[in-house]
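Colleague: The structure is given below, and queries will be raised subsequently.
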Amino acid sequence: MKITILSLFPEMISPIINSSILKRAVNNNNVTFDIINYRDFSQNKHHTVDDTPYGGGPGMVLSIEPIYHALLSIEGYKDAHKILLSPQGKTYHQDKAKSLLQYDHIILICGHYEGFDDRIRKLVDEEISIGDYVLTGGEIAAMAIVDSVVRMLPGVLGKEDSYINDSFYNGLLDYPQYTKPRVFEGMEVPDVLLSGHHKNIEEWRLKERINRTKVRRPDLYENYLKSKKSQ
Ligand code: 58G
């Protein structure tokens, strides 16, 4: 997969894609990143990328031109899946992350200031929000999307593709996990996990996932019940 990120602050992005599993994914050629600073595509002499809002009001608005010219400079931009990060987008979730795996090339556009010229929305395929809160820029939202998608690319997490057991993957939260020591400050690991009885362990884990989801996320639990009924 190829991921191009349009940002005014590329220095926010490099440390993340150069760490941990994302770095390994780059080294193994699972993904390639291209970061473009669209200030470089500003046509005016002070290289500005924002201006005052028509109709008045406080703050500055991101202009469409630098983003437009930056997009045109990207090889194959027409066929790429173009995403704008904004609090006004559709709320992101695991199923959306899964569906982004279908694209060979994703372009993420990160805005700054108080908002952008509405015509920028005409340049993209969709608008995504990572949750109901406002950030100073789209970079952190873009990184959340990048991280959640790249970890599911074939081979990135290793041969077992362990994300299959993740929270949300099957509409349920994860089961409780433990490692050594067996007793810590009087807190014990559940006996069933030490039994070596795989069928019992599997049953216990499913029961815990269902119970956790019911208690912590009644909204997810409702969907789980519905999807079970329709099976
Ligand atoms: C209102 C305020 C409209 C994504 C700011 C547009 C981006 C939150 C998210 C903006 C973002 C999210 C300017 C800064 C978009 C622009 C950017 N805030 N919840 N802020 O995914």
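All of the numbers you see were taken from the coordinates with simple rules; none came from a lab. The structure presented is a predicted model; accordingly, all values stated were derived computationally and were not measured. So basically every Cβ, Gly included, is an ideal-geometry build from the backbone, and we count neighbours across all protein chains shown.
Colleague: Once fully extended, how much extra length lies between LYS2 and THR179, figured as 0.36 nm per residue of separation less the alpha-carbon to alpha-carbon distance?
Modeller: Stretched fully, the LYS2-THR179 segment lengthens by 60.0 nm.
Colleague: Between 0 and 90 degrees, rounded to the nearest ten: what's the tilt of helix 218-229 against the longest Cα principal axis of the chain?
Modeller: On a 0 to 90 degree scale, this one is about 70.
Colleague: Turning to a different aspect of this structure: Calculate for the chain the 222 nm mean residue ellipticity that helices alone would give, adding -39,500 (n - 2.57) per DSSP H run of length 4 or more and normalising by residue count, nearest 500 deg cm²/dmol.
Modeller: That calculation yields -9000 deg cm²/dmol at 222 nm.
Colleague: With springs connecting C-alpha atoms under 10 Å apart, model the chain as a Gaussian network and identify which of ILE201, ILE140, ILE164 has the largest mean-square fluctuation.
Modeller: Result for the chain, Cα springs under 10 Å: ILE201 fluctuates most.
Colleague: Amide H neighbours of SER129 under 5 Å, at least 5 residues apart or on other chains, H built in the peptide plane: list them.
Modeller: Amide H neighbours of SER129: SER86, GLY89, LYS90, THR91, TYR92.
Colleague: ³J(HN,Hα) across segment 105-121 via Karplus (A = 6.51, B = -1.76, C = 1.60, θ = phi - 60°), whole Hz, x for Gly/Pro?
Modeller: Running phi through 6.51 cos²θ - 1.76 cosθ + 1.60 with θ = phi - 60° gives 9, 10, 10, 10, 10, 9, x, 9, 6, 8, x, 10, 3, 4, 5, 4, 4 Hz.
Colleague: Separate question: With r defined as the distance between the Cβ atoms of HIS46 and ASP125 and R0 fixed at 35 Å, what FRET efficiency is calculated, to the nearest 0.05?
Modeller: That pair, HIS46 with ASP125, gives E of 0.65.
Colleague: Along the Cα-to-C-beta direction of SER227, a point sits 7 Å from the Cα; which residues of segment 168-184 have their amide N less than 16 Å from that point?
Modeller: 168-175
Colleague: Let me ask something additional. Could you pull out every residue, at least 5 positions away or on a different chain, whose amide H is within less than 5 Å of the one on PHE116? Hs are placed 1.01 Å off N in the peptide plane, and Pro or chain starts have none.
Modeller: Residues meeting the criterion, in which the H sits 1.01 Å from N, are LEU62.
Colleague: Turning to a different aspect of this structure: Taking the Cα centre as origin and putting +1 on Lys and Arg beta-carbons and -1 on Asp and Glu beta-carbons, what dipole magnitude results for segment 89-186, to the nearest 20 debye?
Modeller: Using only the charged Cβ atoms, the result is roughly 280 debye.
Colleague: Still on this structure, I have one more. Can you run phi through the Karplus equation (6.51, -1.76, 1.60; θ = phi - 60°) for segment 149-159 and list ³J(HN,Hα) in whole Hz, with x for Gly and Pro?
Modeller: Along segment 149-159, the couplings run 7, 4, 5, 9, 5, x, x, 5, 8, x, 5 Hz.
Colleague: Describe numerically, in nm with one decimal, the distance between label points set 7 Å from Cα along Cα→Cβ at TYR68 and at ASN27.
Modeller: Roughly 4.3 nm, to one decimal.
Colleague: Given labels modelled 7 Å from the Cα in the Cβ direction, how far is it in nm from ASP191 to ASP147?
Modeller: A separation of 4.0 nm, rounded to one decimal place.
Colleague: On the principal axes of its Cα set, how long, how wide and how thick is segment 117-206? Give whole Å, largest value first.
Modeller: 61, 32, 21
Colleague: While we're looking at this one, here's another question. Give a residue-ordered list of calculated ³J(HN,Hα) values for segment 164-177 (Karplus: 6.51 cos²θ - 1.76 cosθ + 1.60, θ = phi - 60°; whole Hz; x for Gly, Pro).
Modeller: 4, 8, 4, 4, 6, 4, 10, x, 10, 6, 6, 7, x, 10
Colleague: Now a separate question. Note the full-extension length gain between TYR77 and TYR54 as 0.36 nm times their separation in residues minus their Cα-Cα distance, in nm to one decimal.
Modeller: Answer, rounded to one decimal: 5.3 nm.
Colleague: Hey, another quick one. Across 10 Å bins from the origin, how do the percents of Cα pairs in segment 55-143 run, short distances first?
Modeller: 15, 49, 30, 5, 0
Colleague: Hey, could you get me the Stokes-Einstein D for segment 5-120, Kirkwood radius over alpha-carbon pairs, 20 °C and 1.002 mPa s, rounded to whole µm² s⁻¹?
Modeller: 135
Colleague: At a Förster distance of 22 Å, what's the computed FRET efficiency of LYS96 paired with SER20, Cβ-Cβ distance as r, to 0.05?
Modeller: After rounding to 0.05, the efficiency reads 0.45.
Colleague: Write out the trypsin sites (Lys or Arg not before Pro) in segment 1-74 meeting two conditions: DSSP loop, and at most 13 other Cβ atoms within 10 Å of their Cβ.
Modeller: LYS45
Colleague: Using +1 at the C-beta of Lys and Arg and -1 at the C-beta of Asp and Glu, which of ILE201, THR48, ILE74 has the Cα lying farthest in the positive direction of the dipole of the chain?
Modeller: Going by the Cα projections, it comes out as ILE201.
Colleague: Continuing with the same structure: Please identify the trypsin sites (Lys or Arg not before Pro) of segment 59-102 that satisfy two criteria: DSSP loop assignment and at most 13 other Cβ atoms within 10 Å. Which are they?
Modeller: LYS78
Colleague: Could you list, in their original order, any pairs among LYS2/LYS23; LYS90/LYS226; LYS180/LYS207 whose Cα atoms are separated by more than 18 Å?
Modeller: Over 18 Å Cα-Cα: LYS90/LYS226; LYS180/LYS207.
Colleague: Evaluate the chain: find the radius of gyration of its Cα atoms, find its Kirkwood radius, and give the ratio Rg to Rh.
Modeller: Checking Rg against Rh, the ratio lands at 1.07.
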